[in-house]
Amino acid sequence: MTNKNVNRRTILRGAGLAAVAAPALVGKGIAQGKVTWRVQSHWPKASSSFDDSLGVLAQRVTEETDGAFQFELFGAGEFAKGPEIYNLIRKGVVPMGTASPSYFQEKAQAASFLYGIPGTLRESWEVQYATKQGGLEEMVNEELVPDGVMVRTDKVYPTEFVLSKKIESAEDFQGVKIRSSGTMLDYLKAAGAAPQYIPGSELYQSLSSGVVDGAHWGAAIGAKSMSLWEVCKYHYKPALGFTTDSFLMNVDQYEGLEDDLRGVLDTALATRFYERSSEYQLGEAQALSSGIAEQGVEVVQLPDDVLEMLAEASAQILASEAEKGEIAARAADLYKSMMSDLGYA
């Protein structure tokens, strides 16, 4: 297989899940010398995922290619931020970046399902299965690849929000200003909150100045790494849902890699997805325990009347997302089938 004839079906199928094994012998790409990709992240450098997701991936690829393939990493806003990153990659300004699927949900019918429909699947492993074996990632790539972009999922993690005030009833929840994104915006709004999108690079300032009352940036790990607990001492449970982050790559530049370099990248992306998702579950428990002990964080359960409104919103969002087209309908069917099998519906 030459780099000009990479099978697009392989791209759609997540490079075969286990991917092409990294070459045992020095290949052409490694022998030719260094290839450097600039990578624009949506994570600020303060975010734990900048180092633990992107940094670890970059280090692994560099080590496994004996330094022939390297990444130059840029934090949120250095070239672009948030939803701007997709077009930066599509145009080839940088070969690779990171993004939440909520940032490109207008580009692919199944992107909202890859991001996660709040109030549906309840465990990390369930979303991992739906993403890879269930085919959500492939469904998104059915529309992204023809547009010149491909997605590989970074990890599955919980979404929980923090607030500067305590919520004890649905009445307390009315009008609360929460930084959010994607389908979570609709979800929180349906329960009476007043969610709004704010880029990660502007989040702490927005919280400390009172522009918003709270936010979700992942869950405990995100709150700790982004210093959200400094201004928002109330951490709310249960999780609103499980979501994912994504690596985005320019298709032409991916195809232009020599086979050995591309094989190392594919393998690193495929294996790191499961490693990172597992690491995150342990990290969540550690981060929350630290927040309680060291920063006076109080864990608060959402009131039953708020949970009831959120449950109604979840069903409405799932039905609404399914109507976006044939691919979205397939993604919704996957969700419904899994929820039925798991006894959730």
Filtered residues of region 297-335 (kept if farther than 22 Å from Ile167 by Cβ and crowded, with 16+ Cβ neighbours inside 10 Å): Leu318, Glu321, Ala322, Lys324, Ile327, Ala328, Arg330, Ala331, Ala332, Leu334, Tyr335
Tally of residues being part of a helix (DSSP H, G or I) and modelled with pLDDT of 95 or more across region 286-309: 10
Subset of region 98-135 (residues that are among the acidic types (Asp, Glu) and in contact (Cβ under 8 Å) with a residue 12 or more places away in the chain): Glu123, Glu126
Failed criterion for Glu202 (all others in (1) of a type outside the set (Gly, Ala, Ser); (2) touching a Ser or Thr at 6+ places or on another chain (Cβ under 9 Å); (3) closer than 27 Å to Val299 by Cβ hold): (2)
Residue in region 206-228 that is hydroxyl-bearing (Ser, Thr, Tyr), assigned to a loop (DSSP other than H, G, I, E, B), within 25 Å of Glu279 (Cβ to Cβ) and within 15 Å of the chain's Cα centre (by Cα) present: no
Residues being modelled with pLDDT under 95 and surrounded by fewer than 24 Cβ atoms within 10 Å (Cβ to Cβ) - total across region 192-202: 6
The lone exception for Phe247 - which of (1) part of a helix (DSSP H, G or I); (2) of a type outside the set (S, T, N, Q); (3) within 28 Å of Gln128 (Cα to Cα) it fails: (1)
From Glu312, Glu275, residue being modelled with pLDDT under 95 and acidic (Asp, Glu): Glu312
Residue within region 104-121 that is over 30 Å from Gly343 (Cα atoms) and buried (at least 19 other Cβ atoms within 10 Å of the Cβ) present: yes
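The values are calculated or read from the model by the stated rules, or taken from the named source; none is laboratory data. Predicted model only: the values in this text are computed from it and were never measured. Every residue, glycine among them, receives a Cβ derived from its backbone with ideal geometry; neighbour counts consider all protein chains shown.
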